[in-house]
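Read through the structure below, which is laid out as structure tokens, and then see the notes.
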């Protein structure tokens with residue numbers, strides 16, 4: 001498994017590019033087998049031109065959702081291969097249209113034969129999937145046509161009003177959130193480790209040993225969680241703090257930290273400590289704001305832990 005696989009939602013673009021490269025490599029070989037010197041990147045341009053007697057750059061740009069320079073670049077390469085040619089407009093000699101060349105016309109039958117086979121193969125491939133790739137792509141495109149990605153990002157993570165956070169104590173019905181929220185954030189940056197699962201699958205071990213688990217509720221959703229684990233006489237570890245990416249930037253981590261530190265004080269703790277990672281700059285800033293100080297890391301059950309901090313109460 002590569003880093004792209006580990007990143008999952010964070011690397012959707014890279015994963016789609018990788019999938020395109022996998023398709024493109026094989027399709028280019030299929031073209032070669034048919035005696036066609038042709039790259040898959042030319043397909044939509046060549047196909048569009050083949051369906052029109054002549055077509056201009058502006059119309060191509062609008063039809064294929066490409067920039068003018070992008071169309072011109074592809075057209076020059078396709079023209080160099082001999083499949084298309086440019087012709088001056090009778091009404092305006094400064095402008096040129098594109099059309100199939102004689103080679104492009106003669107090759108069209110071969111291309112259409114390949115395309116028919118590719119359609120059959122893709123129908124078979126996508127039809128055998130649990131989640132049809134083509135239908136999923138259409139669905140995402142329709143959603144982004146209604147509201148683009150940037151607009152959705154701004155709506156989800158821009159807030160003009162303070163977030164009303166309600167802190168809840170552990171209840172058995174909330175146990176799934178303790179695991180799902182932590183797995184979500186850990187997989188965003190790292191990899192879930194064995195010690196994570198020991199605690200996330202068995203929250204009762206934390207509770208039965210004198211620890212606590214709390215949750216942050218926002219607008220009826222469980223947005224975050226945090227645990228206080230007893231590690232010695234009057235000593236506790238603050239651990240398993242996770243906030244859903246959907247709610248990050250709304251100071252939920254600070255609300256959880258405030259509550260968990262207060263709980264530690266009420267339990268009579270004299271020292272609290274935590275482990276973290278140097279790449280988590282926003283989280284480290286919160287810890288230092290609360291008064292945590294860096295100490296030597298020492299032994300840790302986590303590979304990702306390269307920072308250790310403590311605070312005396």
Legend entry - Subset of segment 235-255 that is out of contact with any helix residue (DSSP H, G or I) (no Cβ under 8 Å at 6 or more places or on another chain) and modelled with pLDDT of 95 or more - its residue that is farthest from residue 156 (Cα to Cα): 235
Legend entry - Cross-chain or 6+ apart pairs with Cβ under 7 Å, segment 255-274 first and loosely packed, with under 14 Cβ neighbours inside 10 Å, then not in a strand (DSSP E or B): 265/313; 268/234; 270/234; 270/313
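To keep it simple, each residue is scored yes or no on (1) assigned by TED's automatic domain parsing to the domain that holds residue 250; (2) out of contact with any helix residue (DSSP H, G or I) (no Cβ under 7 Å at 6 or more places or on another chain); (3) surrounded by 12 or more Cβ atoms within 10 Å (Cβ to Cβ); (4) modelled with pLDDT under 90.
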| position | (1), (2), (3), (4) |
| --- | --- |
| 129 | no, yes, no, no |
| 132 | no, no, yes, no |
| 135 | no, yes, no, no |
| 141 | no, yes, no, yes |
| 152 | no, yes, yes, yes |
| 158 | no, yes, no, yes |
| 176 | yes, yes, no, no |
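Only one residue in 62, 53, 25 is loosely packed, with under 12 Cβ neighbours inside 10 Å and at pLDDT 95 or above, so which one is that?
25
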Legend entry - Subset tally (residues that are in contact with a helix residue (DSSP H, G or I) (Cβ under 7 Å, 6 or more places away or on another chain) and part of a loop (DSSP other than H, G, I, E, B)) for segment 298-313: 3
Legend entry - Unmet requirement for residue 54, which otherwise passes all of (1) touching a helix residue (DSSP H, G or I) at 6+ places or on another chain (Cβ under 8 Å); (2) in contact (Cβ under 8 Å) with a residue 24 or more places away in the chain; (3) over 19 Å from residue 39 (Cα atoms): (1)
Inset, instruction - Out of the residues in segment 20-57 that are outside any helix (DSSP H, G or I) and under 34 Å from the mean Cα position of the chain (by Cα), state the one that is farthest from residue 106 (Cα to Cα). - result: 39
Inset, instruction - Return the only residue of 184, 193 being under 28 Å from residue 281 (Cβ atoms), surrounded by fewer than 20 Cβ atoms within 10 Å (Cβ to Cβ) and in contact with a strand residue (DSSP E or B) (Cβ under 9 Å, 6 or more places away or on another chain). - result: 184
Inset, instruction - Please enumerate the residues belonging to segment 87-104 that are within 25 Å of residue 36 (Cα to Cα) and surrounded by 15 or more Cβ atoms within 10 Å (Cβ to Cβ). - result: 97, 98, 99, 100, 101, 104
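Scan segment 117-135 and tell me whether some residue there is more than 30 Å from residue 74 (Cβ to Cβ) and touching a residue at least 24 places away in the same chain (Cβ under 8 Å).
No - not one qualifying residue is present in segment 117-135.
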Inset, instruction - Would you check if residue 272 is outside any strand (DSSP E or B) and in contact with a helix residue (DSSP H, G or I) (Cβ under 9 Å, 6 or more places away or on another chain)? - result: no
Inset, instruction - Could you tell me whether any residue of segment 279-297 is assigned by TED's automatic domain parsing to the domain that holds residue 192, within 19 Å of residue 256 (Cβ to Cβ), touching a residue at least 40 places away in the same chain (Cβ under 8 Å) and assigned to a strand (DSSP E or B)? - result: no
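Can you confirm whether segment 235-247 contains a residue that is surrounded by fewer than 16 Cβ atoms within 10 Å (Cβ to Cβ), over 17 Å from residue 168 (Cβ atoms) and within 26 Å of the chain's Cα centre (by Cα)?
For segment 235-247, residues surrounded by fewer than 16 Cβ atoms within 10 Å (Cβ to Cβ), over 17 Å from residue 168 (Cβ atoms) and within 26 Å of the chain's Cα centre (by Cα): present.
For residue 35, are the conditions met, namely being touching a residue at least 60 places away in the same chain (Cβ under 8 Å) and in the same structural domain as residue 141 (by TED's automatic domain parsing)?
Against the criterion (touching a residue at least 60 places away in the same chain (Cβ under 8 Å) and in the same structural domain as residue 141 (by TED's automatic domain parsing)), residue 35 qualifies.
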Legend entry - Answer residue from segment 57-84, given it is touching a residue at least 40 places away in the same chain (Cβ under 8 Å) and in contact with a helix residue (DSSP H, G or I) (Cβ under 7 Å, 6 or more places away or on another chain) and is nearest to residue 117 (Cα to Cα) among those: 83
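The values are calculated or read from the model by the stated rules, or taken from the named source; none is laboratory data. If you're wondering where the values come from, they're calculated on a predicted model, not measured in any experiment. All Cβ positions, even for glycine, are placed from backbone atoms using ideal geometry, and neighbour counts span all protein chains on display.
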